[in-house]
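The values are calculated or read from the model by the stated rules, or taken from the named source; none is laboratory data. In this text, all values refer to a predicted model and were calculated from it rather than measured experimentally. With ideal geometry, Cβ positions are generated from the backbone for all residues, glycine too; neighbour counts draw on all protein chains shown.
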Amino acid sequence: MHKSTIIVPCYNESQRLNVSAFGTNADALIFNVLFINDGSSDRTIDIIKSLCAKHPESYSYLDLSENVGKAEAIRYGMNHLLKDKAIEYMGYLDADLATTLESMNGMLRFTYENSKFDAIFGIRLKRLGADVNRSLTRHYLGRVFATFTSILLNLPTYDTQCGAKVLRRDLCQIAFSKSFESKWFFDIELLFRLKNEFGKDYVLKKVYEYPIMQWFEERGSKLGLKQYLLAPFELLKIYFKSKK
């Protein structure tokens, strides 16, 4: 069995961290979880510690003393995991489990069975047979955002912002070696880095967008309407930075 660890960044998630799901599914997961407490000011760290104490074989945590943002928290976690040479795959997942743990299990199984891909990115594709629930407003904002992103990347990406991703460890060494420019859209910077490092053909052949089976929009998302409205400016900043 492959060894994989998925990072769950947490900033003031005491009301959104799905403790019940993490507790119920701990023994059924085919991956380990590393919680990153990103300098929370609420009870998040206490909840994480309790989960890890109850399920030490599945869960562990890092406690950052100050808030550094989702992108940097994940990058910090990736570099921590790279110290363990037994870990073959690393990834990340949102704390509210909008992408369910069962879906993440399915995504990891696909990863293990399809070794020709170096990175698997979850996408929220509403279709027959899947349970993907998203408000119409966010869906259409997301489609506009995705189209603009695809044009800038010159790649046929469908959904860069789904919070479920898995990468081979050697790819993580490159992709997370330096800080990201963007706090919210670092996933796009990640694709730019892979494209700049290996070329467009590599991304087309080695990065796979995986339609997840279950995704539920949770209230309290930190990525709100304001961020979507400012997104074009943020994307252009990422684009021109990547060209340098």
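Residue pairs whose Cβ atoms lie under 9 Å apart, separated by 6 or more positions or on different chains, with the first residue in region 1-12 and of a type in the set (A, V, I, L, M, F, W, C) and at pLDDT below 95 and the second surrounded by fewer than 19 Cβ atoms within 10 Å (Cβ to Cβ) and not in a strand (DSSP E or B), are Met1/Ile30; Met1/Tyr112.
Sort out which residues of region 106-128 are of a type outside the set (A, V, I, L, M, F, W, C) and in contact (Cβ under 8 Å) with a residue 24 or more places away in the chain, and write them in order of number. Correct list: Gly106, Arg109, Thr111, Tyr112, Asn114, Lys116, Asp118, Gly122, Arg124, Arg127. Pairs meeting the criteria (first residue in region 31-57 and farther than 21 Å from Tyr76 by Cα and touching a residue at least 60 places away in the same chain (Cβ under 8 Å), second residue surrounded by fewer than 17 Cβ atoms within 10 Å (Cβ to Cβ) and not hydrophobic (A, V, I, L, M, F, W, C), beta carbons under 8 Å, at least 6 apart or on different chains) are lacking. Screening region 127-162 for residues that are of a type in the set (Gly, Ala, Ser) and part of a loop (DSSP other than H, G, I, E, B) and picking the one that is modelled with the lowest pLDDT gives Ser135. Against the test of being of a type outside the set (Ser, Thr, Tyr), over 27 Å from Leu194 (Cβ atoms) and in contact with a Phe, Trp or Tyr (Cβ under 9 Å, 6 or more places away or on another chain), the options Ala73, Ala26 yield a single qualifying residue, Ala26. Residues that are surrounded by 15 or more Cβ atoms within 10 Å (Cβ to Cβ) and under 24 Å from Asn105 (Cβ atoms) do occur in region 175-185, at least one of them. If you go through region 118-149 and keep only what is of a type in the set (Ser, Thr, Tyr) and surrounded by 15 or more Cβ atoms within 10 Å (Cβ to Cβ), you end up with just Thr149. Six or more apart or on different chains, Cβ under 7 Å: which pairs go from a residue in region 176-199 that's under 16 Å from Ile7 (Cβ atoms) to one that's assigned to a loop (DSSP other than H, G, I, E, B)? Could you list them? Filtered contacts from region 176-199: Phe186/Phe180; Asp187/Thr160; Asp187/Gln161. Summed over region 163-202, the residues that are touching a Gly at 6+ places or on another chain (Cβ under 8 Å) and either in a strand (DSSP E or B) or among the polar types (S, T, N, Q) (or both) give a count of 4. Within region 161-171, the residues that satisfy the criterion of being under 18 Å from Asn196 (Cα atoms) and surrounded by fewer than 23 Cβ atoms within 10 Å (Cβ to Cβ) are Arg168, Asp170, Leu171.
Among the residues making up region 53-68, those that are more than 24 Å from Asp170 (Cα to Cα) and surrounded by fewer than 19 Cβ atoms within 10 Å (Cβ to Cβ) are Ala53, Lys54, His55, Pro56, Glu57, Asp63, Ser65, Glu66, Asn67.
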